[in-house]
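Asks: Once you've had a glance at the structure underneath, I'll fire off some questions.
The values are calculated or read from the model by the stated rules, or taken from the named source; none is laboratory data. These numbers come from a predicted model, not from an experiment. Counting neighbours? That spans all protein chains shown, and the Cβs are built from the backbone with ideal geometry, glycine included. Accessible surface is based on the protein model in full, side chains and every heavy atom, while ligands, DNA and RNA are left aside. Shrake-Rupley method; radii C 1.70, N 1.55, O 1.52, S 1.80 Å.
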Amino acid sequence: LGGLPAAVALAWIVWGQNYTFEVRWTLAAVVIVVWVSCAIAAHQMVTRVLFLAANLLGALHEGDYSIRGTGAKPGSGADLVMKAINSLGDTLQRQRSEAVESTALLTSVMGAIDVAVFAFDMRDRLVLVNAAGERLIGHGAGDLIGRGAAELRLASYLAGDARRLIERPFGPESGRLELRRSSFRRDGRPHQLLVFA
């Protein structure tokens, strides 16, 4: 459509001159062939960039941050799109690395402290326990993860005062413990954290 006015104007000029019938048709055919060829080339350039951008965004959506877009003419709109997508990939890769490092640090700290920590999801199912929590309950994390708070005799601590002293909740060897309860979000969902010290 962008080339239509120029093609019509050129055809009008060609047909308005005193050329022979064959010359007119030849010039008109050349104009139409060039016009259609340029339109096809422009269409292919645009669709190539859009398909490349769609593939890059799909890879980012799937968690593959190593793919990069290249090959666009420097300074062009396609180059700006590729740079923006590549920058997004770099940012997501950096955030993933930071999250992995933070999780490793949290796991290390939770294993080192002598405070029992339990995390429950919205359905009161245990999703996280540290070594001190395993010792307090008397079972390993493999046996505890996924079990309900009622089954673990912890349901009563998910309600009531968020901070209180409790007497021997896990048998005579437990003694007196301080309970602290708080909430946090994981993957956008609310969870509850129980800490026994």
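Asks: Does S66 meet the test of being open to solvent by 80 Å² or more (accessible area, probe 1.4 Å) and of a type in the set (G, A, S)? So that I can check it myself, show each step before the final result.
Replies: On the way: open to solvent by 80 Å² or more (accessible area, probe 1.4 Å): yes; of a type in the set (G, A, S): yes.
So S66 passes the test.
Asks: Sort through R123, R163, R135 and tell me the only one that's exposed (fewer than 12 other Cβ atoms within 10 Å of the Cβ) and over 33 Å from the mean Cα position of the chain (by Cα). Spell out how you get there, then give the answer.
Replies: Values: R123 fails: over 33 Å from the mean Cα position of the chain (by Cα); R135 fails: exposed (fewer than 12 other Cβ atoms within 10 Å of the Cβ).
After ruling out the rest, the residue left standing is R163.
Asks: Looking at the range 182-191, which of its residues are open to solvent by 50 Å² or more (accessible area, probe 1.4 Å) and part of a strand (DSSP E or B)?
Replies: S182, S183, F184, R185, R186, R189, P190 - these are the residues of the range 182-191 that are open to solvent by 50 Å² or more (accessible area, probe 1.4 Å) and part of a strand (DSSP E or B).
Asks: Exactly one of (1) open to solvent by 70 Å² or more (accessible area, probe 1.4 Å); (2) part of a helix (DSSP H, G or I) is unmet by P74. Its number?
Replies: Among (1) open to solvent by 70 Å² or more (accessible area, probe 1.4 Å); (2) part of a helix (DSSP H, G or I), the lone unmet condition for P74 is (2).
Asks: May I ask you to verify whether L60 is assigned to a helix (DSSP H, G or I), surrounded by 13 or more Cβ atoms within 10 Å (Cβ to Cβ) and more than 24 Å from the chain's Cα centre (by Cα)? Quick ask: steps written out before the conclusion?
Replies: Details: assigned to a helix (DSSP H, G or I): yes; surrounded by 13 or more Cβ atoms within 10 Å (Cβ to Cβ): yes; more than 24 Å from the chain's Cα centre (by Cα): no.
Criteria not met by L60.
Asks: Also, quick follow-up: Scan the range 138-151 for residues that are small (G, A, S) and surrounded by 16 or more Cβ atoms within 10 Å (Cβ to Cβ) and report the count. Even if it seems obvious, please write down each step before you answer.
Replies: Filtering the range 138-151 down to residues small (G, A, S) leaves 138, 140-142, 146, 148-150.
Retained after the next criterion (residues that are surrounded by 16 or more Cβ atoms within 10 Å (Cβ to Cβ)): 149.
Within the range 138-151, residues that are small (G, A, S) and surrounded by 16 or more Cβ atoms within 10 Å (Cβ to Cβ) number 1.
Asks: What are the residues in the range 10-38 that are of a type outside the set (A, V, I, L, M, F, W, C), at pLDDT below 80 and open to solvent by 90 Å² or more (accessible area, probe 1.4 Å), if any?
Replies: Passing the criteria: N18, Y19.
Table: residues versus (1) at pLDDT 85 or above; (2) of a type in the set (S, T, Y); (3) under 28 Å from the mean Cα position of the chain (by Cα).
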{"position": "A116", "(1), (2), (3)": "yes, no, no"}
{"position": "G146", "(1), (2), (3)": "yes, no, yes"}
{"position": "A150", "(1), (2), (3)": "yes, no, no"}
{"position": "Y157", "(1), (2), (3)": "yes, yes, no"}
{"position": "P169", "(1), (2), (3)": "no, no, no"}
{"position": "R176", "(1), (2), (3)": "no, no, no"}
{"position": "R180", "(1), (2), (3)": "yes, no, no"}
{"position": "P190", "(1), (2), (3)": "yes, no, yes"}
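Asks: Check A112, A54, A84, A131 and return the single one that is without any contact (Cβ under 8 Å) to a residue 12 or more places away in the chain, closer than 30 Å to Y157 by Cα and out of contact with any Leu (no Cβ under 9 Å at 6 or more places or on another chain).
Replies: Numbers: A54 fails: closer than 30 Å to Y157 by Cα; A84 fails: closer than 30 Å to Y157 by Cα; A131 fails: without any contact (Cβ under 8 Å) to a residue 12 or more places away in the chain.
The match here is A112.
Asks: Can you name every residue in the range 1-53 that is aromatic (F, W, Y) and assigned to a helix (DSSP H, G or I)?
Replies: Of everything in the range 1-53, those that are aromatic (F, W, Y) and assigned to a helix (DSSP H, G or I) turn out to be W12, W15, F21, W25, W35, F51.
Asks: Counting only residues that are assigned to a loop (DSSP other than H, G, I, E, B) and within 18 Å of A197 (Cα to Cα), how many does the range 103-138 have? Step through it out loud before you land on a result.
Replies: Residues of the range 103-138 assigned to a loop (DSSP other than H, G, I, E, B): 113-115, 121-124, 130, 138.
When the remaining residues are screened for being within 18 Å of A197 (Cα to Cα), the result is 113-115, 130, 138.
Final tally of qualifying residues: 5.
Asks: Where residues in the range 77-111 are within 18 Å of R186 (Cα to Cα), at pLDDT below 85 and among the hydroxyl-bearing types (S, T, Y), which of them is surrounded by the most Cβ atoms within 10 Å (Cβ to Cβ)?
Replies: Per the stated criteria, the residue is T107.
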